[in-house]
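For reference, the structure discussed in these notes is given below.
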Amino acid sequence: GCFVFKPSSKKRRLSDKTGHDFRSTSSDSEDTELRFVTCQSLWNQIKLETQQIQEDLNKQLLDNLVSFLSRSHSDFQEKTTKWTCRMKFREIPTAALVLGVNVTDHDLTFRSLSDVLQESITPYVAFLEAKDCPGIKNLMQKLMGQLMNCDIEVDSLEDEDCVQVSQNRIRCSMPSLISWYESVTQKTDPETPSKKRNSSSRHWQFPPVVVIFKDMESFTTKVLKDFIVISSQHIHELPLVLVFGIATSPMIIHRLLPHSVSSLLCIELFQSLSCKDHLSTIIDKLLLTSQFPFKLGVKVLQVLINIFLYHDFSVQNFVKGFQLCIVEHFYSQPLSVLCCHLVDIKKRIYSLSHDQCENIRRLPSFRRYVEKQESGTQVALLTNDNFLKEETENLLEDLHAYHENYVLILRCLHVFTSSLPKYPLGKQIRELHCACLENQVWETEEYESSLQLARMLNKSDLVTMLQQCVEILMSSPGKEFDKTVEKLKEFLTQFQNLEEASQEQDVSVSSQKELQKKTDLYHLQKTLLELKESRKSKKLTKFEMLRFEVVDYIDRLVRKYLVPADNRTLYEIMYFNAATVLRGHLNAAPRTALHMALNNPHWYLKNQALKCDGGGISNKAPDICIVYKLHLECGRLINLVDWLEAFSTVVMAAEEPNADAASSDQVDDIIHARFIRAVSELELLGFIKPSKQKTDHVARLTWGGC
Amino acid sequence: MSRPEGTRSGRRSLQVKFVPDEDVLKHIVDDAGAKVRKDKAQLSASVKRFVKKLEHISDKEAQEILEEENYVAALGICAQDPVGNGSNISGGEVYSFQTPKRSNKMAELASELALTPEKNVTPDHSKCPEKTAKTPQSKMHLLMHIFSLLFQNKKKEFVSTTPYRLRKRLAAPDPYLESESEYSASCSEEEDEEEQKEVSIVLSDQKTPAKTKAASTPPPRNSLAKKIKEQKMDNLVEEYFEAHSSSKVLTSDRTLQKLRKRRLNQQTLHDLLKNAPLAYAAEIRDLNQQHESLFSKWMLQLHLGFNIVLYGLGSKRDLLEKFRTSLLQDSVHLVVNGYFPSITVRSILNSITEEVLDHIGTFRSPLDQLEFITKRFKEDSSLELYVLIHNLDSQMLRGERSQQILAKLSSLPSIYLIASIDHINAPLMWDQAKLSLYNWLWYETTTFNPYVEETSYENSLLVQQSGSLALSSLTHVLHSLTLNARGIFRLLARHQLEKKDNPSYPGLSFQDFYQQCREAFLVNSDLTLRAQLTEFRDHKLIRAKRGADGVEYLLIPVDDSTLTDFLEKEDEDV
């Protein structure tokens, strides 16, 4: 079943193969090479960025872990000679590492963990996975194999061969592990203490042996139990530390292990950052920044976020989707060559060919722009390439500026909306971002209600928010927001002044004091009514006025800067919007496609004969569709004979015009053969299977979907 | 399951009672109207349908079924007709499904489908489809029957294999039907009820459990859409339990054997299909061309670290072949035919290590082998391999371990995997971990190409494969045996055929067998018989089973038809 094909000529293809593909495919359009280079460099930048983010996020966790590990066997270091005094302690130091359900991302964390460990604590790190360890024997084998390999890496000098041999022969047991550990520590220590100190002073004399169980949940109780009990017997000879990778909750340890075993562990819990926070950071650093010219359209972003939230919680997959977006964008949009940093834009614009200029003219957003211009400019834009290029440069600069402003104001708005009760515009900035990209946010109900709520904020909240906004706006290098900052600062000082003036506001209290005087009922009623009147018509306090002003100001900022991107001219160059393509590639629905093809072949085969209104299909449909349609009407078992008859009825009816009496027998055979083929195709697709329950029957495997 | 005998006889009596089609048709024509009333009744019926307790409703259902059969019978096509020439059964026969309504629907649909294109043949029918769509389904049956009969009938005359009686009967009403076909547009309901009454009078005592079962079958499609929606949910659940509650299977008992249709073997099947023109070739070609335009994009994405999986109806083999021949000629690539019945992961790994990496030697386990491959590919960055897997979801590769290994393999940066899947449940093979290793990009490539290669290895249901193989092996083996041995085997075969109607036949006990063999002078001691049996057993000609009483029973593990064929052949030879 396997066939290997080797190229007859041994010539190596160009190393720049990928670029070649890119070029060959889009040969019709322009600047492919440049586009490809841009694409690659952009992706590399983003990849580096994500890795950096990942590292930063894990840093805290890893630091904690490392300090724990180094602490765990400190006694072991100091009183190496007095091991016996530790005899009574049998507890194995254990780190329970709660990593969250996005199992696929764990590998990265573990990899960086092992890097850090090798760097600073111990060369002896072993990874164990449940599927490699069905029994304690396999576990020990795996463990020793890995540990002894590290050994080779550490001093891969003369005795490589002997270790290699011994690895196969050695009986995998705890004593042999201990003797190995002793030999390793003894050997490296006394021989050249000075050298040792120089080369690997980061390790101690007796580095702990770290065993990492990657997926704790999938290990069987027995294996874990045995391993823990055995190794607890030897803990005084072998400084073992366990790390459990946990996807669900730390409770699982107690559920998996009986008390007698878990009491042998000295567990400390470590919580990794939740994947949602991780995603937020990624979005924050990759999308809500003007660092990268490439942007995601709202639909695309929603697809990616939905895949994350509803399918896998995997940040890696999110980044993968992002990569796909970049590739697709640069592949399908010839103008994406202009999707670069501002510094390069000028050069690239002026090297555009005439065809590319035509491409620009064809962009819907550009046409809208042209229509708004005066007739003279219109003609110039549509006929003069140079003029167009100048204009394009301006527009693109505008677009870049728009991005910078957009991000800043978005963050400011988020400061406000994220503290409102019930979060009408969403808790996360990504939700706000989507809302703003989707349509003019100030026209939505949610925005309206959040403004209402903002008008009811108390002073201290308002002041802190304003301060945050000022900070955000100050962080921008541009001059755009200088005025805004000033304005906001002015607001802040006004609030400050209010505080001082607040003492004077005690006037109203006096009126209340009047109430406490003795009066008759009539007067009391009267004064109360008056009081009520006065309250109703009472002018807004200064604070309230100021609050309104602030909110209105924010509103103005939003209306000015948070215009949806697709209203901007030339946004197609920067934004990737083909959400359906993305969904098709990442979140495909094979069953739906199959169902569609079987129920509605016209969707794929554009033939008039197949067109059919309503839910039915024409009897001229491909055989498999007819057979499928017929089988839908059956119960659990299908009689093949009846099926065949029904099929031939349909097919004969479809072919009647040319079904002459000539060779009915042969026709019949052909129909039979077609039926057989269609049925076996259905079997291959998994709709039916042969059944032994009754002769010549098949069992149906699917239900519904009629 | 077969319907209790009572019904059969009942129907037979109906047939006698029930008069020529003309009468029925006249009856139908005379009535026109009162649709509304009936519709309402239908509605209420469908609403209450789930309340099975309501006896009269299920009665009504049963009546409806009977009424259908009634019509079929009346129009002269009935399962009870001794159909001598099974090779050419009319579509109407399909209605003799002895099951609740659910299975009738297949035939129903068949005739419905058969109808649609006739628009251009008989223009006066053109209104029918629309109209009928509005009438309740059950009423439609009758239309369908008549229509299908009409066409069947036409066909019959050419084919002339229908029973004489039937032909005679159908020949007469034909023009009548033609002329009357317009009545169908205003298909009356009145007469149905009348019919029902008649039927219920005749058959009121013949309600069988099978019929009451029918009460829970889905309501007619064409009642108010809303109602349907409401019911559908309950219905699905009900249907499910309906289908799985009873161990009884409510399908007809007919077998291919009775059809007397010669089973096709692989070769003739292939030839026949070759002759049959592929429908919609032009459209399929267009479709494929669309997919082919993506080739270079696939290449790009493969190089960027993604792997590609193709799904959608139709064989994707040709497409991948084309991809291979057009783009992969200059590079090392491996083609894996997953549909091949004896493919294993090991053979895939072997061909990589042996042919791609030129490594001689064996490995202890596939995991070791995988490790070796990984190491080699990591060491030598110039090594590149394209792997094309047709049917990654095939029987042999869909196992957890195989998928794990393939996923690991595909995650190597210099191995580019492009695969196709077909099974509806194929995506269930992969969990998150495997998916992230595979790093799939999904491409929908619906080709509508027939699965020629993919199904050819399959032990297809209808293809006479096991049978012919068994027969040929039987004859081959027996020809190499002594005359006495053949006699012994024939004896056993005959005995088994005699008992073929007994489903719990355990086999022939050794003692009885010995006795019979002795009587036929085939053996002289039980030792010789035992030696003979051992030989049979070695060739897998017989199977021995120990019964509950400790007696050894002997059985030939071949189906009856093959055995009959075999005996016939043997008798010819002797």
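Every number in this text was worked out from the coordinates using simple rules, so none of it is lab data. As the structure is a computational prediction, the values presented were derived from the model and not from experiment. Note that we place each Cβ from the backbone using ideal geometry, even for glycine, and neighbour counts take in every protein chain shown.
For each of A:PHE292, A:PHE687, count neighbouring Cβ atoms within 10 Å of the residue's Cβ, then give the residues from fewest to most. Working shown, then result.
Values: A:PHE292 18, A:PHE687 23.
Ascending number of Cβ neighbours within 10 Å: A:PHE292, A:PHE687.
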- Query: Where in the stretch A:348-380 does the label zone of A:HIS400 land, with the point 7 angstrom along Cα→C-beta and an amide N cut-off under 17 Å?
  - Reply: A:348-352
- Item | Residues A:TYR369, B:TYR438 arranged by fewest to most Cβ contacts within 10 Å | A:TYR369, B:TYR438
- Scoring only Lys, Arg, Asp and Glu (+1, +1, -1, -1) among other residues with Cβ under 13 Å from the Cβ of A:GLY135 yields +3
- Extension reserve of the A:ASN439-A:ARG556 stretch, reckoned as 0.36 nm per residue once the Cα distance is removed: 40.5 nm
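Tell me, what is the percent relative contact order of the stretch B:466-573, built from C-alpha pairs under 8 Å that lie six or more residues apart? Working shown, then result.
Working: 93 pairs, mean separation 38.7, N = 108.
So the answer I get is 36 percent.
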- Message: Under the rule of at least 5 residues apart or a separate chain, name every residue whose amide H is placed under 5 Å from the amide H of B:LEU334.
- Response: A:PHE5, B:TYR386, B:VAL387, B:LEU388
- Message: Could you work out the percent of alpha carbon pairs in the stretch A:315-364 separated by over 12 Å, rounded to a whole number?
- Response: 69 percent
- Message: I need the shape label for the stretch A:427-484. Rule: rounded when a/c is under 1.5, else prolate if a/b > b/c, else oblate, with a, b, c from the alpha carbon gyration tensor.
- Response: oblate
- Pop a pseudo-label 7 angstrom from the Cα along the beta-carbon direction at both A:VAL485 and B:ASP538 and give the gap in nm to one decimal. 9.8 nm
- Just grab the label-to-label distance for A:ASP668 and A:LEU309, each label 7 Å out from Cα along the Cβ direction, in nm (one decimal). 6.2 nm
- Which of A:SER232, A:SER351, B:SER402, B:SER509 has the fewest Cβ neighbours within 10 Å, and the rest in rising order: A:SER351, B:SER509, A:SER232, B:SER402
- Message: Please list, in order along the stretch A:248-261, the HN-Hα scalar couplings obtained from phi with the Karplus expression 6.51 cos²θ - 1.76 cosθ + 1.60 (θ = phi - 60°), rounded to whole Hz, x for Gly and Pro.
- Response: 9, 8, x, 4, 4, 4, 6, 6, 6, 10, x, 4, 4, 8
- Message: Can you divide the C-alpha Rg of the stretch B:466-573 by 2.2 N^0.38 Å and report the result to two decimal places?
- Response: 1.01
- If R0 = 60 Å, then A:GLN525 and A:SER375, at their Cβ-Cβ distance, give a FRET efficiency to the nearest 0.05 of 0.20
- Alpha-carbon Rg with Dmax, taken over the stretch B:281-444, Å: 15.5, 51
- Message: Between A:ASN386 and A:SER280, what is the label-point separation in nm under the 7 Å Cα-to-beta-carbon projection?
- Response: 5.4 nm
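Between B:THR528 and A:ASN149, take the C-beta separation as r, use R0 = 60 Å, and let me know the FRET efficiency to the nearest 0.05. The partial results should precede the final answer.
On the way: r = 65 Å, r/R0 = 1.09.
For B:THR528 and A:ASN149, the calculated efficiency is 0.40.
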- Note: A:579-588 gets an average of partner chain Cβ contacts (10 Å, Cβ to Cβ) equal to 3
- Pull up all non-local amide H partners of A:ALA95: gap of 5 or more, or a different chain, and H-to-H distance under 5 Å with H placed in the peptide plane. A:LEU242, A:VAL243, A:PHE244, A:GLU268
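Would you check the stretch B:281-444 for Lys pairs whose C-alpha atoms are within less than 16 Å, ignoring same-chain pairs closer than 8 in sequence, and give me the count? Can you show the working numbers first?
Values: B:LYS297/B:LYS322; B:LYS375/B:LYS408; B:LYS378/B:LYS408; B:LYS408/B:LYS434.
Step by step, the pairs that qualify in the stretch B:281-444 add up to 4.
Between A:ASP63 and A:TYR350, what FRET efficiency follows from the Cβ-Cβ distance if R0 is 45 Å, with the result rounded to 0.05? All intermediate terms of the calculation are to be shown ahead of the outcome.
Working: r = 51 Å, r/R0 = 1.13.
Step by step, r from the Cβ atoms, then E = 0.35.
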